[in-house]
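Take a look at the structure below.
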Ligand SMILES: NC(=O)c1ccc[n+]([C@@H]2O[C@H](COP(=O)([O-])OP(=O)(O)OC[C@H]3O[C@@H](n4cnc5c(N)ncnc54)[C@H](OP(=O)(O)O)[C@@H]3O)[C@@H](O)[C@H]2O)c1
């Protein structure tokens, strides 16, 4: 399944996760992002939200379901899907089994390594385990998150038998908006997904440029920015808790920014 133009993000929603996932799917979101990382995500409740959505007639095959393997450093030692003493391959396998169980599915559309692992040889051990899920047709795409160093992405890309097709990163000024990473992604057919798109960029949302366009198109500045991200080949993650925002954001494909308008917003990333 092709990656939708926007994914619903499920971090930090705690007990509200199932109701919000259900609401997002009911309103029309076609993609869900989660992680097997109980510290920040209730992946089990994402699964319950999905079950509720299926009762509406929505089909598993029509949803792009994405989850992550979170390495030890990102886990709560008292609540994690594997043992710290397990070999890393076993950690990946246990986490993946938990994800399938939580999400009540036998396939995952995109399986993401939550952050790079060092040294490279260890990263490849993890990746090769993820590749076996692809070989077994349990995963359709593999990806990596929080990868801000092009050398690391290139290393992975060149050594991987099954190439990464997703990069999920924070979209912010400190990384120069990942300009070189995004160029690499575009060149190699990798989907670039952004998070913190709104929260890290209040200066852009408050800019005269965005406010002028919001006025012109009768949209919110958030909608203008999400639309812009799609225009420059970025798939934003959107974790809104508001039904109104869901409804508005899902309509961004209904209008087009002109090339000049896109260029003007691109200048705000300099
Ligand atoms: N890979 C990683 O390490 C990583 C890290 C962080 C996040 N993520 C993923 O990215 C997802 C999104 O997280 P995020 O940090 O980018 O922030 P977010 O959860 O999308 O937060 C967006 C904020 O902007 C507000 N907002 C205002 N207008 C909005 C609009 N029209 N549409 C949407 N939000 C609007 C929201 O408030 P309202 O709720 O009131 O709309 C919310 O406070 C997470 O749920 C998670 O899946 C991944």
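Since every read-out is calculated from the coordinates, none of them should be taken as a lab result. Since the model is a prediction, treat every value here as computed from it, not as a measurement. Using ideal geometry, Cβ is built from the backbone for each residue, glycine included, and neighbour counts are taken over all protein chains shown.
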query: How far, in nm, would the chain grow between residue 161 and residue 251 when pulled straight, counting 0.36 nm per residue and subtracting the alpha carbon separation?
result: 28.6 nm
query: Rounded if a/c is under 1.5, else prolate if a/b beats b/c, else oblate: with a ≥ b ≥ c from the C-alpha gyration tensor eigenvalues square-rooted, which is the range 143-270?
result: prolate
query: For the range 6-149, what's the relative contact order in percent, using C-alpha pairs closer than 8 Å and at least 6 residues apart?
result: 22
message: Using Cα springs under 10 Å in a Gaussian network model of the chain, which residue among 199, 70, 98 shows the largest mean-square fluctuation?
response: 199
- request: Nearest 5 is fine: what % of DSSP beta bridges in the range 29-131 come out antiparallel, could you say?
  value: 10
- prompt: Mind checking which of 251, 30, 100 has the largest fluctuation in a GNM of the chain, springs on alpha carbons under 10 Å?
  reply: 251
message: I need 23, 254 ordered by Cβ neighbour count within 10 Å, fewest first.
response: 254, 23
field: Computed helical MRE - 222 nm, the chain, DSSP H runs ≥ 4 contributing -39500 (n - 2.57), nearest 500
entry: -13000 deg cm²/dmol
- prompt: Just for the chain, what percent of DSSP beta bridges are antiparallel, to the closest 5?
  reply: 5
message: Neighbour counts of other C-beta atoms within 10 Å: give me 55, 138 arranged from fewest to most.
response: 55, 138
- request: Take every Cα pair under 8 Å in the range 104-242 that's 6+ residues apart, average their separations, divide by the length, and report that relative contact order as a whole percent.
  value: 18
- request: Report the paramagnetic label zone for residue 233: residues of the range 167-182 whose backbone N is under 15 Å from a point 7 Å from Cα along the Cα-to-Cβ axis.
  value: 167-168, 178-182
message: Under 8 Å for C-alpha pairs, at least 6 residues apart: give me the relative contact order for the chain, rounded to a whole percent.
response: 17
- line: The rounded separation in angstrom of the Cα centers of the range 240-270 and the range 1-77 is 23
- request: Could you work out which residue, out of 95, 253, 145, moves most in a Gaussian network model of the chain, that is, has the largest mean-square fluctuation with Cα springs under 10 Å?
  value: 253
